[in-house]
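Working notes for the structure below.
Throughout, read-outs are computed from the coordinates displayed, never taken from laboratory work. From a predicted model like this one, the values you see are computed outputs, not experimental measurements. Neighbour counts are summed over all protein chains in view; Cβ atoms, including those assigned to glycine, are modelled from backbone coordinates with ideal geometry.
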Amino acid sequence: MPDVQPSPEPFRAQTAPGALDDLRARLRATRWPDVPEDADWSLGTDVGYLRELVAYWADEFDWPAQEAALAALPRFRVPVGGLGIHFVHARAVAPAGPVLPLVLSHGWPDSFWRYSKVVPLLTDPGAHGADPADAFDVVVPDIPGFGHSDRPAGPPLNSIDVAALWAELMGVLGYERFGAAGGDLGSHISRYLALDHPERVVAVHRTDAGLPVFSGERSTLSAEERDWFDAVAAWGASEGAYAAMQRTKPGTAAFGLTDSPVGLAAWIVEKLRGWSDCGGDVRRSFTKDEILTNVTLYWLTGTIGSSMRMYHANAAIPPAQLARRVEVPSGFSLFRGDVVRPPRAWLERTTNAVRVTQPARGGHFAPFEEPELYAEELRAFFRPYRTATAR
């Protein structure tokens, strides 16, 4: 008997009122740490800012309204590789030419939320002042252990594993060939889609290249590359404590972050501020409602621990895998406010880099911070590859 493909089922999240009551009670019962005067953000999340955010979360934040707004996206779940995968699947609106399927991979600390603003810009460009011929069919899955996808019961999945799941998911949706794009962990996943499924991925776009892996002689690197390696090392020494924890002992941190919504918010908000193009004022990149929507998704799904475990899984990827060169046509949009942006020489050393741009605004969360700019970057990069596939 031939294998029967699983059929995606429409998905709509519904939060029980009791879960919100429990959340508000925990927020109001917070034990606040002592903080030296004028510490600001120098020791981590600023307590003054967080107190303000938490008061809003407890008394004013309208989660049902945010949940309803997210429900406007066409969302589904389907079993893939033995796991239930939650994803957005938005088809192109009134396309004026070949439609390119595009799988967008998010990172940490977020979920499909990262792309919630950009989906309509990509599926209906004509309604947003762009060329209707640039329409995409957009697929945005939640990584297993994030958001509304299942949490692996056994060992956590690494980026190679997730790339294989995405290739299978795109097949379930009827897409033999497609484009891939992502940032943060999603950059790794998109890279392995291109490496392991080059016959299916027509082109791959990333907003970063990850941290550098190089086993050759440092003297063979360009001066620009050597300077970048030094900058990455300095960034890791001053900003990388979270990653060391998540790579080595994520389970320890998970106890506190799963039990305390304020602890969870502090862990995530510091990264939203530090990695965005906000000039030190997180309010320039995200509203309170936007921040709390992301954090509340983590809280209600209980996925902070499972999301951090992916760092542990990725740390065990063999160096030979990390050193593979991507031959699929690759594009990079290195947004101004992102961290440790690689030089073009490194991108050309490690990929078939056909387009590299440096947008003047936006940071690590570019699809959310600057959705119009990010959408235009994707339209421009993928335009030459539309005839490589059909809807």
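Considering only VAL340, CYS278, ASN158, the residue lying farthest towards the positive end of the dipole of the range 66-388 is ASN158, judged by Cα position with unit charges set on Cβ.
Each peptide in 72-80, 28-36 gets a packing score, the mean of other Cβ atoms within 10 Å over its residues, and the list from highest to lowest is 72-80, 28-36. Basic side chains Lys and Arg get +1 at the Cβ, acidic Asp and Glu get -1 at the Cβ, and with that the dipole of the chain about its Cα centre reaches some 740 debye.
With kT/(6 pi eta Rh) evaluated at 37 °C and eta = 0.692 mPa s, and Rh the Kirkwood radius from Cα pairs, the range 293-349 diffuses with a coefficient of 220 µm²/s according to Stokes-Einstein.
For the chain, what does the relative contact order come out to in percent, with C-alpha contacts under 8 Å and a separation of six or more? Relative contact order, the chain: 19 percent. Looking at the range 238-277, none of the trypsin sites (Lys or Arg not before Pro) sits in a DSSP loop with at most 10 other Cβ atoms within 10 Å of its own Cβ. Ordering ARG12, ARG309 by the number of other Cβ atoms within 10 Å of each residue's own Cβ, fewest first, gives ARG12, ARG309. Here the relative contact order of the range 74-119, from alpha carbon pairs under 8 Å that lie six or more residues apart, stands at 26 percent. Each of HIS106, HIS128 has some number of other Cβ atoms within 10 Å of its Cβ, and from fewest to most they run HIS128, HIS106.
Under a Cβ-only charge scheme (Lys and Arg +1, Asp and Glu -1), can you give me the dipole magnitude of the range 115-247 about the Cα centre, in debye to the nearest 20? Its charge dipole is roughly 260 debye. Relative to the 2.2 N^0.38 Å rule of thumb, the range 79-179 has a C-alpha radius of gyration ratio of 1.13.
Peptide packing for 217-230, 250-263, 135-148 was compared via the average number of neighbouring C-beta atoms within 10 Å per residue; ordered from the highest value, the list is 135-148, 250-263, 217-230.
For the range 150-214, the relative contact order is 33 percent, taking Cα pairs closer than 8 Å that sit 6 or more residues apart in sequence and dividing their mean separation by the residue count.
Just the Kirkwood number for the range 1-142, please: inverse of mean 1/r across all distinct Cα pairs, in Å, one decimal. Write out the running numbers ahead of the final one.
On the way: mean 1/r = 0.0535 Å⁻¹.
When all Cα pairs of the range 1-142 are included, the Kirkwood radius is 18.7 Å.
The value for the range 66-388 of Rg(Cα) / (2.2 N^0.38 Å) is 0.94.
Per the Kirkwood formula applied to alpha carbons, the range 133-276 shows a radius of gyration over Rh ratio, Rg over Rh, of 1.00.
Taking the DSSP beta bridges with both ends in the chain, the antiparallel portion is around 35 percent.
Ranking VAL4, HIS312, SER149 by how far each Cα lies toward the positive end of the dipole of the chain (charges on Cβ) leaves VAL4 at the top.
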